[in-house]
Amino acid sequence: MFRRLGPAADRLPDIARIEKIIRRRFEVNENEIILVSQDVNNKPGFPIEETNIVFFKENKRFKLKIFLPVASVSEKDIPLKWLLNSLQDTGEDDCC
């Protein structure tokens, strides 16, 4: 009848780990928000689970989609720091 809206408890350590990676990689201050979620993708040809990351830095919104479940995301899956501007959320639709 009811379903949980937040992440499963076993995902919380992975979500916290990804948040730390984002803070270090892009130098996001502790007072700025980082949101990490694992979502189901039902688009044909795409992996079933994906990790979505939205974060704010200096009043700008950035977003990142990784086609892996949160438990599988590692530092090598996060873009390099110099690619930060390419992650800025302009409000346009995603490609995927």
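Please treat every number below as a calculation from the coordinates, not as lab data. Quick caveat, the model's predicted, so the values are computed rather than measured.
Could you give the angle, 0 to 90 degrees to the nearest 10, between helix 12-26's Cα long axis and the longest principal axis of the Cα atoms of the chain?
20 degrees
For the stretch 9-87, what's the relative contact order in percent, using C-alpha pairs closer than 8 Å and at least 6 residues apart?
Dividing the mean separation by the residue count of the stretch 9-87 yields 27 percent.
I'm checking a number: the convex hull volume of the Cα atoms of the chain, normalised per residue, in Å³. What is it? Don't skip to the answer; put the middle values down first.
Working: hull volume 12.8 nm³, N = 96.
Convex hull volume per residue, Cα atoms: 134 Å³.
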